[in-house]
1. Treating the angle as unsigned and between 0 and 90°, give the value, to the nearest 10°, between the Cα long axis of helix 204-223 and the longest Cα principal axis of the chain.
2. Past 20 Å, Cα to Cα: identify those pairs from 58/167; 24/58; 167/280; 160/280; 160/198; 140/198, in the order given.
3. Ignoring everything except DSSP H segments at least 4 long, calculate the 222 nm mean residue ellipticity for the chain; use -39,500 (n - 2.57) per segment, divide by total residues, nearest 500.
4. Could you pull out the trypsin sites (Lys or Arg not before Pro) across segment 119-207 that fall in loop regions by DSSP (anything but H, G, I, E, B) with no more than 12 other Cβ atoms inside 10 Å?
5. In degrees, nearest 10, range 0 to 90: what is the angle between the Cα axis of helix 181-191 and the longest Cα principal axis of the chain?
6. How about the chain: what cysteines have no other cysteine beta carbon under 4.7 Å from their own?
7. Over segment 1-117, one equal point on each Cα, no solvent: what is log10 I(q)/I(0) by the Debye formula at q = 0.18, 0.20, 0.22 Å⁻¹?
8. Once you put a point 7 Å from the Cα of residue 43 and another 7 Å from the Cα of residue 138, both along the Cβ direction, what distance in nm separates them?
Amino acid sequence: MPELPEVETVRRGLTPAMEGQIIKDAQVNRPDLRWPFPENMAERLQGQRVQALRRRSKYILADLSSGETLLIHLGMSGRMLISGDPLGQFLHEHPAPQKHDHVVLEMGNGARITFNDPRRFGAMDLLPSDTAESHPLLAKLGPEPLGNAFSEDYLIAALKDKNTPIKSALLDQRIIAGLGNIYVCEALFRAKISPKRKAGAISGRRVSLLVPIIRDVLSEAIEAGGSSLRDFRQADGELGYFQHSFDVYDREGDPCKNDGCEGVINRIVQSGRSSFYCSKCQR
């Protein structure tokens with residue numbers, strides 16, 4: 001499942017082709033993905049200007065001139081691909097239609113935006129822009145880890161008295177929005193905190209250090225174009241490269257990268273997800 005850096009990478013790729021542009025034509029080629037598309041979605045999209053393209057957690061939100069917002073979730077295999085961009089940043093020619101091209105948007109600047117999703121776990125919805133934050137998928141999300149609301153004081157208070165492992169607490173979208181398995185593993189390694197430690201038992205000083213570390217890990221991943229695991233591609237079809245910088249994730253049995261450490265990377269399963277860590281460095 002794409003995490004915050006992957007979704008932010010796609011949003012940044014889509015922005016020059018979509019933001020400020022009119023959707024000249026919309027094609028919806030099936031009735032549903034993860035759930036049914038909203039009624040008359042193609043008609044409601046056509047002729048609307050994309051006033052802003054933003055991200056909330058792992059969702060892309062396109063605010064339209066109609067007063068509605070198009071919510072996009074990539075799911076496990078969804079891709080937002082661009083072709084024909086007149087700025088020359090993407091493919092110049094539109095590719096032939098593919099089997100899993102479920103939604104196609106023809107923009108006023110000549111760009112084509114194609115939502116392709118072989119597994120159909122992605123989703124799209126239309127919701128009133130002025131009440132978008134109260135949508136069931138968005139209403140209970142915590143602060144953005146790259147935003148001002150995510151502070152040392154906030155995280156210390158949020159984790160206080162939590163009896164769950166720190167790994168599970170950081171994955172709780174009600175505490176931090178958009179943070180996923182890969183980047184929690186990487187952040188905990190840099191902070192030298194074991195994923196098995198109870199969140200509420202970690203000192204405030206160590207919790208406060210997690211805030212800049214989480215921001216650094218996410219920022220580095222965004223600059224690298226995300227992590228290309230399984231199906232993820234950027235909006236121009238290119239791979240992301242942050243997986244080449246992993247310190248622990250998917251490195252079971254490899255030596256720890258910390259200088260002077262003779263440990264190896266271990267893998268355990270927590271709440272159905274793999275946790276990678278060094279038992280010597282992370283306490």
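1. Here the helix axis deviates by roughly 40 degrees.
2. Too far apart for the 20 Å limit: 24/58; 160/280; 140/198.
3. Helices in the chain give a 222 nm mean residue ellipticity of -7000 deg cm²/dmol.
4. Filter output for segment 119-207: 140, 160, 174.
5. 40 degrees
6. Taking the Cβ cut-off of 4.7 Å, the unpaired cysteines of the chain are 185.
7. Calculated log10 I(q)/I(0) at the listed q: -0.93, -1.19, -1.49.
8. 2.5 nm
Values quoted throughout were computed directly from the atomic coordinates according to the rules given, and no laboratory measurement underlies them. The shown structure was predicted, so the numbers you read here are calculated from the model rather than taken from an experiment. All Cβ positions, even for glycine, are placed from backbone atoms using ideal geometry, and neighbour counts span all protein chains on display.
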